[in-house]
Structures are given as structure tokens and as C-alpha cells.
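Enquirer: Below is the structure I would like to discuss, written out as C-alpha cells.
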Amino acid sequence: MITEKEILHALSHVQEPDLHKDLVTLNMIKDIQINDLNIEFTIVLTTPACPLKGKIERDCVAAIHQYVNDKAVVKVHMSSNVSSTRQDKFVLPGVRNIVAVISGKGGVGKSTIASNLAMALSLSGAKVGVLDADIYGPSQALMFGLQGEQPYMEEVDGKSMMIPLEKHGVKVMSVAFLLKPDQAVAWRGPMVSSALKQFVSDVSWGELDYLIVDMPPGTGDVHLTLLQTTPLTGVVAVTTPQEVALADAQKAIAMLSMVPVKIPVLGVVENMSWFTPVELPDNKYFIFGEGGGEKLANLSSSSLLAKIPLYMGIMKGADTGEPAALQQDSPYGKIYSQLAQAVAQQVAIVNGKTSSASA
Ligand SMILES: Nc1ncnc2c1ncn2[C@@H]1O[C@H](COP(=O)(O)OP(=O)(O)OP(=O)(O)O)[C@@H](O)[C@H]1O
Ligand SMILES: [Mg+2]
């Protein structure tokens, strides 16, 4: 008769590839059931967007065959409990991880990436929100097709809070919802800082695994306020392949060191990497040059999470309020799905490091 202890012993030989500890030590094995040679258990992953699910499952089956019984019939179930190491829950309570999408240069695709990253994480099964922090040029209402809508207010713990709008399962909040279509934001100077703080703290997100923050372009006071106000898990830096964008992205990363807490760079996304015409599918035209993503990843000691070519579908999706990531079988749908996995993986690694440092 196979025992639970034998199974746990076998699984203690399986490493979580990113966290470099075994699954038993990480408390990832639940609900072991044994019926003669039939073994079932659940692996609780740190994110539903785990890119290594397949490898972990194969390693578990192999370990049981090696250490318990080579004739065992193993059935592995997967669930997830998204990790978080946030200490203070004063701002954005219930939000496990906050990831800001930054760039120095404007127009490189931050907002498009933020909406599609959020969409792809949500499609993987995570609870996701998008905070449009670009108060002067908000885009997320358009990108999720929510123009003209208004959030409603609700009393939460005796305080009047805004409830984000929801589209395709993603919660969205933007200053655009608080303005009339032809109204510009008139916040100036010191007012911006306090208005932004209030905007961030007056939204009731409920439980979220990931809140994606779409940052404004540049490196001004608004950015500093946002970096100080939102307890970020990390940032994703966006650049296009050319030198100018790269230099600006470096400035945006340098800003991270101006706040007292260390904000990790989860990685770099190179956007508009090349263009391939439909009629010449094997040709790549490097319209904006080459190499910016790799360089920025090197300079920021992080990794290149994705290279996203120019696609009409991405642009159309952004303009029609249907994020391109929804087309999961399209080439760009696959790229966004991989990007979501890579970001979720980096968040889990950052959380793994933080929790072992404080243990
Ligand atoms: N990979 C892509 N393929 C096609 N079009 C893209 C791609 N990425 C972004 N775009 C388009 O480029 C334009 C600029 O993108 P976006 O608004 O996301 O940039 P941004 O960095 O947020 O700009 P800003 O600095 O003004 O906030 C949009 O029209 C968007 O649809
Ligand atoms: Mg933008």
C-alpha cells in the first residue's frame, strides 16, 4: 500500500524551477488521494499563468515513478494561489501585486501593452485590474471600449469609494471616467499630487491578483508621486528598438532609484520590433531599428520578456475596445499570453525572494 508520506518524499525531490526550492518545502502539494496504484494530488502554483506547469507536472510523475512505484498511475491537478509580499495594506487593500508599465518616451505602446497584459493575465484565470494613471492622456477607457461610462460610488467601511468598471472580466479605472468627453484635466502642480493620491486610494478594487498601472510618458512629478503612492511589486519597462527610446527608457528606470523603497524591474518589453506584411510572411522589416530591447534588459540587469511586432490587429483592438490578446489563437494573442506568463513568473520570483529574505 502506497502511503502519503512516500508520495511527499518523492515530491520533495521536485524543484520549483524559478524558486529553487522543492514543492513540499514550498507547501505546494495538497489533497493527496491514493487508491491502490492510482495517485492524485493538486499542485498549488504561485500564478495561474505559470509557464512551467507542464515541466512541473512531468517532474512530479517522474519522481513518483522513481521513488514510489514505477507502475503508479499519476493524475496531477493544478490550482493557484497568487503570491504576494505586500506588507502595508493601507493603500489598495486586497490587491496582491501591483505592476506598473513605464517608458520615458511617449507613444511606444505602454497603454496597449498594459491593456493586453491585463487581458492575457485575466484569460489565464487571474483576477486583474487596470489603473490608468495617465491623468493627462488617459487611454484605457478607449482600449476597453468604456468611453462615456461612469463608475458608481459605494460605501466601503464607512468611506465613499469608486467601484471600477469591468470589461471582459478585467476591472478598469481611469480619470477619463470622471470627465466629460471634451473636458481636459485641469490639475496643476501641487494639486496633481494630492488629487492623484486621492484617486489611487478612493477606488475599491476588491480582491485582485494583479493590478496593472498604465503610467504616463516621461519622468516628471506625476511619476514620482505615483511611484511614492502606489506600493509597486515591480515595473515593466517598454521601449521601441531605437536608441532614443532606449535612452528615455533608461531615464524612466533611473527614476525608480529616487524613491526610498527598492522597486524591481521585472523585465523589458520591446514593442514595434518589426513589421511583416501579410503578403510576404517571411520578411521582417526593422522599421525602428534593432536591439533596443536587449540593450535595455542588459542595462537594467533584467530580462527581455517579449518582442512585439507591429500588427494591424493590435492597433485595431486598441481602437475598438477589444484588446488584441482576446484573439488567443492569433500570432499576437500568443505573444501577449507568453508576456503574461513571463510577467507572472517574475512577480512570483520577486515574491519568493522577498519572503525568503524576511523568513
Ligand atoms: N505592436 C503594435 N502594433 C500595432 N500598433 C501598435 C502596437 N503597439 C502600439 N500600437 C499603436 O501605437 C499607438 C500608440 O500606442 P500607445 O497609446 O499604447 O502608446 P503609449 O506609450 O501609451 O503612448 P503615450 O505615451 O501617449 O501614453 C496606438 O495607436 C496603438 O494602437
Ligand atoms: Mg499611454
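Enquirer: Could you say which residue among MET173, MET162, MET153 is without any contact (Cβ under 8 Å) to a residue 12 or more places away in the chain and not hydroxyl-bearing (Ser, Thr, Tyr)?
Expert: MET153
Yes/no matrix, rows are residues, columns are (1) assigned to a strand (DSSP E or B); (2) surrounded by 12 or more Cβ atoms within 10 Å (Cβ to Cβ):
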| residue | (1), (2) |
| --- | --- |
| MET1 | no, no |
| GLU6 | no, yes |
| HIS9 | no, yes |
| HIS13 | no, yes |
| ASP18 | no, yes |
| LEU26 | no, yes |
| ASP31 | yes, no |
| ILE34 | yes, yes |
| ILE39 | yes, yes |
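Enquirer: PRO231: assigned to a loop (DSSP other than H, G, I, E, B) and within 15 Å of ligand 2 (Cβ to nearest atom), yes or no? I'd like the intermediate steps shown before the answer.
Expert: Working: assigned to a loop (DSSP other than H, G, I, E, B): yes; within 15 Å of ligand 2 (Cβ to nearest atom): no.
The answer is no for PRO231.
Enquirer: Would you call GLY125 touching a residue at least 60 places away in the same chain (Cβ under 8 Å) and more than 20 Å from ALA249 (Cα to Cα)?
Expert: Details: touching a residue at least 60 places away in the same chain (Cβ under 8 Å): yes; more than 20 Å from ALA249 (Cα to Cα): yes.
Yes.
Enquirer: So, in the range 306-332, how many residues would count as being of a type outside the set (D, E, K, R), surrounded by fewer than 21 Cβ atoms within 10 Å (Cβ to Cβ) and more than 12 Å from THR112 (Cβ to Cβ)?
Expert: Within the range 306-332, residues that are of a type outside the set (D, E, K, R), surrounded by fewer than 21 Cβ atoms within 10 Å (Cβ to Cβ) and more than 12 Å from THR112 (Cβ to Cβ) number 9.
Enquirer: What number of residues within the range 51-100 are aromatic (Phe, Trp, Tyr) and either in contact with a Phe, Trp or Tyr (Cβ under 6 Å, 6 or more places away or on another chain) or closer than 19 Å to THR354 by Cβ (or both)?
Expert: Number satisfying all stated conditions: 1.
Enquirer: Quick check on my filter: what residues within the range 318-333 are more than 15 Å from ligand 2 (Cβ to nearest atom) and either in a helix (DSSP H, G or I) or aromatic (Phe, Trp, Tyr) (or both)?
Expert: If the condition is that a residue be more than 15 Å from ligand 2 (Cβ to nearest atom) and either in a helix (DSSP H, G or I) or aromatic (Phe, Trp, Tyr) (or both), then THR320, ALA324, ALA325, LEU326, PRO331, TYR332, GLY333 are the ones that fit.
Per-residue answers, yes or no, for (1) assigned by TED's automatic domain parsing to the domain that holds GLY107; (2) in contact (Cβ under 8 Å) with a residue 60 or more places away in the chain; (3) within 12 Å of ligand 1 (Cβ to nearest atom):
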residue	(1), (2), (3)
LEU305	yes, yes, no
ILE308	yes, yes, yes
LYS316	yes, no, yes
PRO323	yes, yes, yes
LEU326	yes, yes, no
ILE335	yes, no, yes
VAL343	yes, yes, no
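Enquirer: Still on this structure, please answer the following. Determine which single condition TRP274 fails, assuming it passes every other condition in (1) in a helix (DSSP H, G or I); (2) touching a Phe, Trp or Tyr at 6+ places or on another chain (Cβ under 7 Å); (3) not acidic (Asp, Glu).
Expert: The number of the failed condition is (1).
Enquirer: Okay, moving on. Which one of these is of a type outside the set (S, T, N, Q) and free of Cβ contacts under 8 Å to residues at least 60 places away in the same chain: ILE39, ILE113, ILE102, ILE135?
Expert: The conditions single out ILE39.
Enquirer: Considering SER103, SER83, SER122, which residue is away from ligand 2 (no atom under 16 Å from the Cβ), surrounded by 20 or more Cβ atoms within 10 Å (Cβ to Cβ) and at pLDDT below 95?
Expert: Answer to the selection: SER83.
Enquirer: Of the residues that make up the range 142-153, is at least one under 14 Å from the mean Cα position of the chain (by Cα) and buried (at least 19 other Cβ atoms within 10 Å of the Cβ)?
Expert: There is no residue in the range 142-153 that is under 14 Å from the mean Cα position of the chain (by Cα) and buried (at least 19 other Cβ atoms within 10 Å of the Cβ).
The values are calculated or read from the model by the stated rules, or taken from the named source; none is laboratory data. This structure is a prediction, so every number in the text was calculated from the model and none was measured. When we count neighbours, we look across all protein chains shown, and the Cβ atoms used for this are built from the backbone with ideal geometry, even at glycine.
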